[in-house]
Structures are given as C-alpha cells and as structure tokens.
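Shown next, in structure tokens, is the structure this report addresses.
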Amino acid sequence: MELVSVIIPVYNIRTYLNQCVQSVCAQSYPHLEIILVDDGSTDDSGMMCDELAIKDPRIKVFHKENGGLSDARNYGLLQATGDYIFYLDGDDWITSSAIENLVKTADNYDADFVQGGFYYAYPEYLLYRKEESGIITFTPKEAMKELIRDGRIKNFAWGNLIRKDLALKVPFLKGKYFEDSFWKYQMIELAEKYVYNPCPGYYYRQRSGSISGDFSIKNFDLLQGVEQRLIYIAGHYKDLYLLALNKYWVLAYNFYHLSEKTGNNDLKNFYCHYLFEKTQNYGSDLNRAMKLNIVSAFMFFSYTYSCDRLYLIVCLVNKLLEKSMPSKYKKECYQ
C-alpha cells in the first residue's frame, strides 16, 4: 500500500485547523503521513498542531519562521517520505473517501498526476461541477487547453494526488501570491499521465468579502503567472496561443477595472501603464483575431472613456463571441 504525504501549511487558522486535520485523520485510506507546517503562526495554531499530533501518530509537526504559503509547501515537500503528495490548505477539508478515490484512480490509470473534483463550500450551500463523462485522461496539450479555458482543469495546487518525484521537479515560487498560476502549467507539461476524476472530494472554503475590496497589488502576481504561461504556450503550443492571449488580456483588463474600483490612484495608474505597455508588446498578435482586436481597441480607448462602460462592453463582446454553454455547476445543501 502506497504512502500518501498530506501537506498542510498552517498560518493563523485556529478557527479551521481542527476540522481540516480531523478530516484527514478520518480517511478511509489509512496509509498516510500528515505533515503540518506551522509557518510562524502568531495565534495558537502552532500549539494546536502539537496537540493534534499527540492524538494521531501519523501527524508530524514542523515549526518554522514565516515564509508564506509557497515556502511552507516546499518545506513540507522536503520532509515528506510518501510515494504521493497531496496538498491541503489549512482552512479547507476533505471527504472521508477523498484520498482513497484518488489513489485508486492513480493505480487504475497508472497516473502520476490525478486531479480530483471539489466543492466550492459556501456557508449555506455547496457548488460543484456536474460531469457526465466520468474519469478523463488528458494529453499534455488537451490538459493545457482545459487549463487556459479554466474548464475542468484549474490552477489550484490543492486537491491533487501527485507522484513525489514529479512534485519535486517544480517547487513553488517563494514570495509569490497566486503561486499556483506559475506552477500548474509546468506540472501538466511534465506529467507522463494526467487524469481527472470529477468525484468531489475537497471542500474549498469560500469566505465572505468583496472582491474589489480585497483587490491589491498582490493580485498582480496572478497576472504575471498567466503571462508566463502565455510565453511558454507561444513556444510550445502555437495553435493555443490566441486562446491563451485572449484569456490573459481579459484578465489584465479586469484587473484594471478592479483597480479603478478600489479608489487607489497609484494602483489604477500602475495597471494603466501596464496595459499600455502590453498593448505595444502584443499588438500585432491581437490583430490576428477579431475577438482579440475588439478587446484591444477597448483597451486602447480606456484611457479616454469611462472604464465602467467599457468593462461592461468587453464582457458583453466576449459573451457574444463565446459559444453559449449550459451551466456546468450544480448546487446542493450540506448533509
């Protein structure tokens, strides 16, 4: 029976930590190594980790200076002795059969990367992607396209079962927010077999709060990650380039819109200059497709016209040019 190392970064999450760890201890798949990385917590989360370790010998606790989520994951990976790695964020939790389902999928399909389904866990209800096709095996190109489209494959590092030797090839970038955006496309490219099991096994906690209110310069890391992916795709998957460019461009414009909503002129000016620079860099490529040309034109005129109105127009244009698809998500109550 293969050993699975569950890596849980911990930083000031005392409210959620017990639920998270107990969900792992209660797994139907018992051959686990549970690694809690206390990343310099300033509340009593570190002490809670030590108390939880007393109750289950599979739990290993490591205390370190604060280095951020990426650093904590990397640290946990270096301590892991398992055959597989499973990243779990400390404010989330998993179903009792989550890891067993992923291990069975990996064994049945000889996969080194298995992505599991998940719930968006809101306080009153759950939301998950409906799937009729069952388990799917992706080629690297197919997986990359799904990632660009933000379809079945997401940027998230959590909720996946990854062979340890594969995980070690791509450490997370320390000091970056939205570190998954720099990481996931590289994992797809290196995986010998990428398999998607849609059965939801991971609860991704959704906390209340305004998106625009939380928007800051930290979000720029996500845009950098998506652009880095775009550059990679330009050199390796040329027929996916325009799709990737469009997704990058819409994200960049959304960020400009959100920066205006914050009322922070420095942040707004930062994204304004960024967009102007990227319009120059990618202008010739943008003109190769009508959809991208339209979005590019709105970007250019955003310096003179109302950003709010243009934002709505850009969203409308993209909706009209994309194929109309039925909702892929289903809502249900907690049991």
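The values are calculated or read from the model by the stated rules, or taken from the named source; none is laboratory data. Note that this is a predicted model, so its numbers are computed, not measured. Don't worry about glycine lacking a Cβ; one is built from the backbone with ideal geometry, like all the others, and counts go over all protein chains shown. All accessible areas refer to the heavy atoms of the entire protein, side chains included, with ligands and DNA or RNA removed. Shrake-Rupley method; radii C 1.70, N 1.55, O 1.52, S 1.80 Å.
Quick notes on this one:
- Inter-residue pairs, beta-carbon under 7 Å, first under 18 Å from Thr139 (Cα atoms) and touching a residue at least 12 places away in the same chain (Cβ under 8 Å) and in segment 233-255, second part of a helix (DSSP H, G or I) and open to solvent by 40 Å² or more (accessible area, probe 1.4 Å), 6+ apart: Tyr237/Lys141; Leu240/Lys145
- Sub-7 Å Cβ pairs linking a first residue in segment 96-109 that is at pLDDT 95 or above to a second residue that is acidic (Asp, Glu), at least 6 apart or interchain, are Val103/Glu2, ordered by first then second residue.
- Within segment 116-152, the only residue that satisfies the criterion of being part of a strand (DSSP E or B) and open to solvent by 50 Å² or more (accessible area, probe 1.4 Å) is Thr137.
- Residue list for segment 76-105, restricted to those being of a type in the set (Gly, Ala, Ser) and surrounded by 23 or more Cβ atoms within 10 Å (Cβ to Cβ): Gly76, Gly90, Ala98
- Applying the condition of being in a loop (DSSP other than H, G, I, E, B) and crowded, with 19+ Cβ neighbours inside 10 Å to segment 153-172 and asking which residue is farthest from the chain's Cα centre (by Cα) yields Phe172.
- Residue within segment 45-64 that is in contact with a Gly (Cβ under 9 Å, 6 or more places away or on another chain), aliphatic (A, V, I, L, M) and in a strand (DSSP E or B) present: yes
- Residue within segment 188-210 that is surrounded by fewer than 19 Cβ atoms within 10 Å (Cβ to Cβ) and in contact with a Ser or Thr (Cβ under 7 Å, 6 or more places away or on another chain) present: yes
- Residue that is farthest from Met144 (Cα to Cα) [pool: residues in segment 173-184 that are under 11 Å from the mean Cα position of the chain (by Cα) and open to solvent by less than 70 Å² (accessible area, probe 1.4 Å)]: Glu179
- With respect to the conditions (1) surrounded by fewer than 19 Cβ atoms within 10 Å (Cβ to Cβ); (2) part of a strand (DSSP E or B), Asp38 lacks only one, and its number is (1).
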